[in-house]
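These notes are about the structure you will find just below.
The values are calculated or read from the model by the stated rules, or taken from the named source; none is laboratory data. Keep in mind the model is a prediction, meaning the values are calculated, not measured. FYI the Cβ positions are ideal-geometry reconstructions off the backbone, even for glycines, and counts take in every protein chain you see.
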């Protein structure tokens, strides 16, 4: 199953049309076939884009002729999807690629600050009170089983009648939880951790505006 992490940043600038400013800056990016941006300015305050960079990697393969495993150098294209809506930057990728994109943008956008937004489980639980959802697997850390017994355990709450009340009561012990959000006769599966990591078990390319709106309702204040 395809999955992708989401990283959210706040953009701080004097100009209110941040998306337009970023679009104009990135159009001047000195691109080549191994490093470039693909951009679409949807409105003056909304930008959708992809950052593409090609890396050389070493890969192992089996040589039937010599009956050994050998190493060869190959080119790998990395595609990092991102969106700018008003003063928010949303990046869909792994942490390494996200850091590379943020570093590149920071060097290009001297007048725009990029600040990471912490996605807290407390805020997510608050947002879930107003949505339909199911809680799948939940992992608790430092859970007090008895007066002198503390440990970690996982539980599936999908069939429990009032899972939210359990999560609210023990929210400070949640290490990771998986949410199922109804969407188009199926569901979006989203995993969140106490450290602010968010994983969606679908690729960004297959999610429409309705799916993104549902995700924003649980992730953003």
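Only one of the listed residues (22, 6) is closer than 30 Å to residue 187 by Cβ and not in a loop (DSSP other than H, G, I, E, B). That residue is 6.
Can you name the residue in segment 97-121 that is part of a helix (DSSP H, G or I) and within 12 Å of the chain's Cα centre (by Cα) and is also farthest from residue 7 (Cα to Cα) among such residues? It would help to see each step written out before you state the result.
Our first condition is that a residue be part of a helix (DSSP H, G or I); within segment 97-121, this holds for 97-108, 121.
This time we only want the ones that are within 12 Å of the chain's Cα centre (by Cα), so: 97-98.
Working: 97: 11, 98: 8 Å.
So the residue we want is 97.
Could you go through segment 111-121 and let me know if any residue there is at pLDDT 90 or above, more than 30 Å from residue 28 (Cα to Cα) and touching a strand residue (DSSP E or B) at 6+ places or on another chain (Cβ under 8 Å). Looking through segment 111-121, at least one residue is at pLDDT 90 or above, more than 30 Å from residue 28 (Cα to Cα) and touching a strand residue (DSSP E or B) at 6+ places or on another chain (Cβ under 8 Å). When residue 61 is tested against (1) under 26 Å from residue 34 (Cα atoms); (2) touching a helix residue (DSSP H, G or I) at 6+ places or on another chain (Cβ under 8 Å); (3) at pLDDT below 85, just one condition goes unmet, and that condition is (2). Counting only residues that are more than 14 Å from the chain's Cα centre (by Cα) and either under 21 Å from residue 117 (Cβ atoms) or part of a helix (DSSP H, G or I) (or both), segment 200-210 holds 3 of them.
Of the residues making up segment 90-119, those that are crowded, with 17+ Cβ neighbours inside 10 Å and in contact with a helix residue (DSSP H, G or I) (Cβ under 8 Å, 6 or more places away or on another chain) are 91, 92, 93, 105, 109, 112, 119.
Does segment 85-93 contain at least one residue that is assigned by TED's automatic domain parsing to the domain that holds residue 9 and over 30 Å from residue 192 (Cβ atoms)? Give the steps one after another, and end with the answer.
First, the residues of segment 85-93 that are assigned by TED's automatic domain parsing to the domain that holds residue 9: 85-93.
When the remaining residues are screened for being over 30 Å from residue 192 (Cβ atoms), the result is none.
No, there is no match, as no residue in segment 85-93 is assigned by TED's automatic domain parsing to the domain that holds residue 9 and over 30 Å from residue 192 (Cβ atoms).
Residues are listed down the side, and each one gets a yes or a no for (1) surrounded by 14 or more Cβ atoms within 10 Å (Cβ to Cβ); (2) touching a strand residue (DSSP E or B) at 6+ places or on another chain (Cβ under 9 Å); (3) at pLDDT 90 or above:
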{"site": "33", "(1), (2), (3)": "no, yes, no"}
{"site": "39", "(1), (2), (3)": "yes, yes, yes"}
{"site": "47", "(1), (2), (3)": "yes, yes, yes"}
{"site": "50", "(1), (2), (3)": "yes, yes, yes"}
{"site": "56", "(1), (2), (3)": "no, yes, no"}
{"site": "66", "(1), (2), (3)": "no, no, no"}
{"site": "71", "(1), (2), (3)": "no, yes, no"}
{"site": "75", "(1), (2), (3)": "no, yes, no"}
{"site": "78", "(1), (2), (3)": "yes, yes, yes"}
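Checking the condition assigned by TED's automatic domain parsing to the domain that holds residue 15 and on the phi > 0 side of the Ramachandran plot, which residue from 67, 110, 100, 72 passes? Break it down into steps so the answer makes sense when it comes.
Values: 110 fails: on the phi > 0 side of the Ramachandran plot; 100 fails: on the phi > 0 side of the Ramachandran plot; 72 fails: on the phi > 0 side of the Ramachandran plot.
When all the criteria are applied, what remains is 67.
Of the residues in segment 50-68, at least one is under 15 Å from the mean Cα position of the chain (by Cα) and either outside any loop (DSSP other than H, G, I, E, B) or in contact (Cβ under 8 Å) with a residue 12 or more places away in the chain (or both).
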